[in-house]
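> Here you go, one structure.
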Amino acid sequence: MTQAEILKQRTFDFAIAVFQLCRPLMRNPEARVPTGQLVRASASVAANYRASCRAKSKRDFIAKLGTVIEESDESLFWLEYLVATALLRPPVTQKLQSESNQFVAIFTASQKTARANYAREKNLRRLRRRTPTRP
């Protein structure tokens, strides 16, 4: 299994775990909005990572990873919010908060690497155009 396939599965499992956690809370009027936001953000992590794997270009890949990072961080926010408002208890969310933090770290590092590689390749192309070819 490749690293991309592992991350696809992890993000999908994260979205499912969040949904299962939030499902009973959705009947509570106080919890409906924050749990809905959390479910959307967590599903978006999985969906956008999957989309980044099918990016049309390196620039598109970098942009899509930015969305994955934002949605991972937003998922973390809503988990923290649900704990702070006493709608959920910390032990229940601890694993999901850890996973969300790991996603932010993993995808931020990936994006930085992709940006550096893209910039290096772009500079190499510029240098090749400027350097005259020798007969």
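> Remind me, relative contact order of the chain in percent, using alpha carbon pairs under 8 angstrom and six or more residues apart? Present the calculation step by step, with values, prior to reporting the outcome.
Values: 114 pairs, mean separation 29.7, N = 135.
Over the chain, the number comes to 22 percent.
> Charges at C-beta only: +1 for Lys and Arg, -1 for Asp and Glu. How large is the resulting dipole of the chain about its Cα centre, in Debye rounded to 20?
Details: 24 positive and 11 negative charges, 267 e Å.
Around 1280 debye, computed over the chain.
> Still on this model: For an R0 of 41 angstrom, estimate the FRET efficiency from the Cβ-Cβ distance between Arg27 and Ala63 and round to the nearest 0.05. Let's see the in-between values first.
On the way: r = 37 Å, r/R0 = 0.91.
The formula returns an efficiency of 0.65 here.
> Could I ask something else about it? Test of understanding: ordering Glu74, Glu5, Glu99 by Cβ neighbours within 10 Å, fewest first, what list do you get?
On the way: Glu74 18, Glu5 10, Glu99 22.
Ascending Cβ contact count within 10 Å gives the list Glu5, Glu74, Glu99.
> For labels at Asn123 and Ile6 in the simple 7 Å Cα→Cβ model, what's the distance in nm?
3.0
> Okay, moving on. Where in the chain are the helices, taken as whole DSSP H runs, whose Cα atoms extend 20 angstrom or more along the long axis and whose Kyte-Doolittle mean reaches at least 0.0? Before the final figure, lay out each step's value.
Values: long enough: 3-22 (28 Å, 0.52); 29-53 (37 Å, -0.09); 58-84 (39 Å, 0.13); 90-130 (59 Å, -1.09).
Correct list, ordered by number: 3-22, 58-84.
> Computed from these coordinates, which is Cα Rg over 2.2 N^0.38 Å: [x] 1.36; [y] 1.17; [z] 0.95?
Evaluating Cα Rg over 2.2 N^0.38 Å on these atoms matches [x].
> I need Cys53, Cys22 ordered by Cβ neighbour count within 10 Å, fewest first. Before the final figure, lay out the partial values.
Details: Cys53 14, Cys22 22.
Going from sparsest to densest Cβ surroundings: Cys53, Cys22.
Each reported figure results from applying straightforward, stated rules to the coordinates on display, with no laboratory input. Here the structure is a predicted model, which is why all the values come from computation and not from measurement. As a convention, Cβ positions derive from the backbone with ideal geometry for all residues, glycine included, and neighbour counts pool all protein chains shown.
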